[in-house]
Ligand code: ES4
Ligand code: ZN
């Protein structure tokens, strides 16, 4: 039996493949700073989160119209379906687009249309999580959230991403309170490059229901105990952690240790166009490095379903 793959940590913007960058540049008449695909690919050696983010935001210049956002999303869903994904809860960063003059409704509308189509044609159910950029002002995030809530596109949750260190979760307490008051599900990146203290405040002051990454939680035994006791999901992204130098190699990744500790760990792909692979590639890399047992593979699959925001009937359908 093929285990159900559930993607819970994926930035749609991070699925913008080099080939699609050239395709969109051509159709939008955008002059790229790269002469060839190979020249662009040479930029993908990152030394940390910030060097990656610089390229991630710069490459978005080619994504402009509602049709572009729909195409980006559809290409992701097609690749995900080919890799066995049955359900995806995807992040979208409105401020990465509104800050460069794209209309919120065009961006979010294109994504939403494609997610709906993907559900019908590819059989991938999905949830849409708008993520706020923590290295921009919280007042801007609040304003964007109000626009989303007043707009026509329904979203399922809110998240917090971008440069972490120096931008603790508590800066966004008001944003998350408004999201919660409107019935949205709450997640935040914490403990990727930032300290365990950021995981504590994401839990206590934002009220998150999942922690994205969270791997630096291992530095704090009391925090690990709490995460285990609360069955708090951690959306871990192994290939991302290697490419952003959070861990040295895949063989050094603490995922087996995290499972051993009883943490509710899920495997995800983060920004697959940038980090060398989609969720199936992440699973394959773990399999090769650790020779995961059938029981461990089944546990990871079950964790993905449990940690999703599907209702009980939706979860039952995945098994
Ligand atoms: C991200 Cl890997 C990562 N971390 C934080 N923010 C992000 N946005 C896109 N990818
Ligand atoms: Zn991420």
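The number of residues in the stretch 81-114 that are more than 16 Å from ligand 2 (Cβ to nearest atom) and in contact (Cβ under 8 Å) with a residue 12 or more places away in the chain comes to 22. Annotation: residue 275 fulfils all but one of (1) closer than 27 Å to residue 19 by Cα; (2) surrounded by fewer than 19 Cβ atoms within 10 Å (Cβ to Cβ); the unmet one is (2). Residues considered: 203, 128, 184. Of these, the only one that is more than 16 Å from ligand 1 (Cβ to nearest atom), under 19 Å from residue 90 (Cβ atoms), within 19 Å of the chain's Cα centre (by Cα) and free of Cβ contacts under 8 Å to residues at least 40 places away in the same chain is 184. Residues considered: 310, 286, 259. Of these, the only one that is over 23 Å from residue 191 (Cα atoms) and in contact with a strand residue (DSSP E or B) (Cβ under 7 Å, 6 or more places away or on another chain) is 310. Picking from residues in the stretch 35-59 that are touching a residue at least 40 places away in the same chain (Cβ under 8 Å) and outside any helix (DSSP H, G or I), the one that is surrounded by the most Cβ atoms within 10 Å (Cβ to Cβ) is 46. Once the stretch 214-248 is narrowed to residues that are farther than 24 Å from residue 203 by Cα and touching a residue at least 40 places away in the same chain (Cβ under 8 Å), the residue that is farthest from the chain's Cα centre (by Cα) is 245.
Could you tell me whether residue 174 is more than 19 Å from the chain's Cα centre (by Cα) and closer than 20 Å to residue 76 by Cα? Answer is no for this residue. Set side by side, the residues 48, 38 differ, and just one is under 18 Å from the mean Cα position of the chain (by Cα) and more than 29 Å from residue 151 (Cα to Cα), which is 48. For residue 245, the criteria (1) within 16 Å of ligand 2 (Cβ to nearest atom); (2) in contact with a helix residue (DSSP H, G or I) (Cβ under 8 Å, 6 or more places away or on another chain); (3) closer than 16 Å to residue 269 by Cα hold in every case but one, which is (2). When residues in the stretch 1-17 are screened for being under 21 Å from residue 75 (Cα atoms) and either without any contact (Cβ under 8 Å) to a residue 24 or more places away in the chain or surrounded by fewer than 19 Cβ atoms within 10 Å (Cβ to Cβ) (or both), 2 of them pass. Looking at 65, 73, just one residue is in contact with a strand residue (DSSP E or B) (Cβ under 9 Å, 6 or more places away or on another chain), at pLDDT 95 or above and more than 21 Å from residue 189 (Cα to Cα), and that residue is 73. Here the stretch 39-54 is the region considered, the condition is being touching a helix residue (DSSP H, G or I) at 6+ places or on another chain (Cβ under 9 Å) and over 15 Å from residue 16 (Cα atoms), and the residue that is nearest to ligand 1 (Cβ to nearest atom) is 46.
Quick one: is residue 239 under 21 Å from residue 160 (Cα atoms), crowded, with 19+ Cβ neighbours inside 10 Å, modelled with pLDDT of 95 or more and more than 16 Å from ligand 2 (Cβ to nearest atom)? Before you say what the answer is, go through the steps one by one.
Values: under 21 Å from residue 160 (Cα atoms): yes; crowded, with 19+ Cβ neighbours inside 10 Å: yes; modelled with pLDDT of 95 or more: yes; more than 16 Å from ligand 2 (Cβ to nearest atom): no.
Answer is no for this residue.
For the stretch 187-200, give me the residue count where each residue is touching a strand residue (DSSP E or B) at 6+ places or on another chain (Cβ under 8 Å) and either assigned to a loop (DSSP other than H, G, I, E, B) or away from ligand 1 (no atom under 16 Å from the Cβ) (or both). Total satisfying the criteria: 2.
The values are calculated or read from the model by the stated rules, or taken from the named source; none is laboratory data. Predicted model, so just to flag it, every value in this text is computed and none were measured. Counting neighbours? That spans all protein chains shown, and the Cβs are built from the backbone with ideal geometry, glycine included.
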